[in-house]
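Each remark here refers to the structure printed beneath this line.
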Amino acid sequence: MKRVDSDIKPSQITDEAHYRDRRRFLAAAGMIGAGTVVGGATLTGLTMSERSEARELAGEIASSPFSTDEPPNSFDDISTYNNFYEFGTAKHQPAVLSKEFEPLPWTVEVSGEAEVTGTFNYEDLVKEQQLEERIYRLRCVEAWSMVIPWVGIPMATLLSRFKPLSSAKYVEFQTLFDPKRMPGQRRPVLQWPYREGLRMDEAMNPLTLMAVGVYGKPLPNQNGAPMRLVVPWKYGFKSIKSINRIVFRETQPVSSWEQSAPHEYGFYANVNPEVAHPRWSQARERRIGQSLFGSRQATLKFNGYGEHVAQLYSDMDLARYY
């Protein structure tokens, strides 16, 4: 994995068109809300999608030594080619059907094996945290990939605030369940709400991120606003979106795709070109944004992050624990 020179600013790496406003740090506690003054006007009266565009991430965004130097996909690629079944099963539907979704105000319920539990406002979880830009490869189990400049908080930093007990061996995440606001949940595509889980050592790995932005802006709705998991060495479906519940557990939780099709999806879902999915070879991948006639590139084990995570699975048969 290549590292980004620490002297290079995130604004020099990412799309200028989506950085032009970033220095307008107007928000208090992470985001601005309806009624906040923006350029002399308030957000009251704007459509929900306009409010989303007007929000800003607060504070400086640090670059990260974990970033790849591969060129990121365009903002258009990242925000229009999405798997987010809560807003439809076709790749283009989340961008269309999430336009009126209002991600704020937002709360996260924390429960289970931890000293600090309860319901927390999004702003309280994000404020005073150092945001980092992590340019990660994303590998979908459907054999396509992207490079995405996420902005977020190391998951270990966030979870440590809740003081997990020694009995907490796993952490489960859940997506908001609200069929009125998430029309895809009106169909029984999966058993809602969407659930995912990690072992605690996976969650606390330095690569694991709670993302709140992309390209220096708050997460678009279709990418999982206001906060989502990013685990770059696992297939994309592990990176659950629009998280509103965190549960520390003694026993391994059952994730949504594992429950739906256990012969196709396991709990671990590590990127592994040596273990084929029943419907897709995992040996090669198509990078979104490249020519349809271009050759597919070889997939790297653990998506190329093996030096940071391979030791987590050194005593496991990865063909069995897929």
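Observations on the structure shown:
- Listed by position, the strands (runs of 3 or more DSSP E) enclosed by the stretch 200-276 that each have at least 3 residues that are among the β-branched types (Val, Ile, Thr) are 243-249.
- Subset of the stretch 106-143 [open to solvent by 20 Å² or more (accessible area, probe 1.4 Å), outside any loop (DSSP other than H, G, I, E, B) and among the hydrophobic types (A, V, I, L, M, F, W, C)]: Phe120, Leu138
- Residue among Pro154, Pro103, Pro94, Pro149 that is within 19 Å of the chain's Cα centre (by Cα), buried (at least 21 other Cβ atoms within 10 Å of the Cβ) and free of Cβ contacts under 8 Å to residues at least 60 places away in the same chain: Pro154
- Against the list (1) closer than 30 Å to Thr68 by Cβ; (2) touching a helix residue (DSSP H, G or I) at 6+ places or on another chain (Cβ under 9 Å), the condition Pro183 fails is (1).
- Only a single item in (1) of a type in the set (A, V, I, L, M); (2) over 24 Å from Ser111 (Cβ atoms); (3) assigned to a strand (DSSP E or B) is not met by Val189, and it is number (3).
- In a residue-by-residue description of the stretch 275-283, the property of being at positive phi and either of a type in the set (D, E, K, R) or under 24 Å from the mean Cα position of the chain (by Cα) (or both) applies to no position.
- Candidates Gln185, Gln191, Gln222 - the one that is among the polar types (S, T, N, Q) and buried (at least 24 other Cβ atoms within 10 Å of the Cβ): Gln222
- Given (1) in contact with a Pro (Cβ under 6 Å, 6 or more places away or on another chain); (2) hydrophobic (A, V, I, L, M, F, W, C); (3) surrounded by 18 or more Cβ atoms within 10 Å (Cβ to Cβ), number of the condition Trp257 does not satisfy: (1)
- Hits in the stretch 164-181 (condition: in contact with a strand residue (DSSP E or B) (Cβ under 8 Å, 6 or more places away or on another chain) and assigned to a loop (DSSP other than H, G, I, E, B)): Leu165, Ala168, Lys169, Leu176
- Counting only residues that are out of contact with any Pro (no Cβ under 6 Å at 6 or more places or on another chain), hydrophobic (A, V, I, L, M, F, W, C), within 16 Å of Trp233 (Cα to Cα) and surrounded by 12 or more Cβ atoms within 10 Å (Cβ to Cβ), the stretch 277-319 holds 6 of them.
- Residues considered: Gly197, Gly294, Gly216. Of these, the only one that is touching a Phe, Trp or Tyr at 6+ places or on another chain (Cβ under 6 Å), small (Gly, Ala, Ser) and at pLDDT below 95 is Gly216.
The values are calculated or read from the model by the stated rules, or taken from the named source; none is laboratory data. Since this is a predicted model, take the numbers as computed values, not measurements. Reconstructed Cβ throughout: ideal geometry from the backbone, glycine too, with neighbour counts over all protein chains shown. SASA here: full protein model, heavy atoms, side chains in, ligands and nucleic acids out. Shrake-Rupley method; radii C 1.70, N 1.55, O 1.52, S 1.80 Å.
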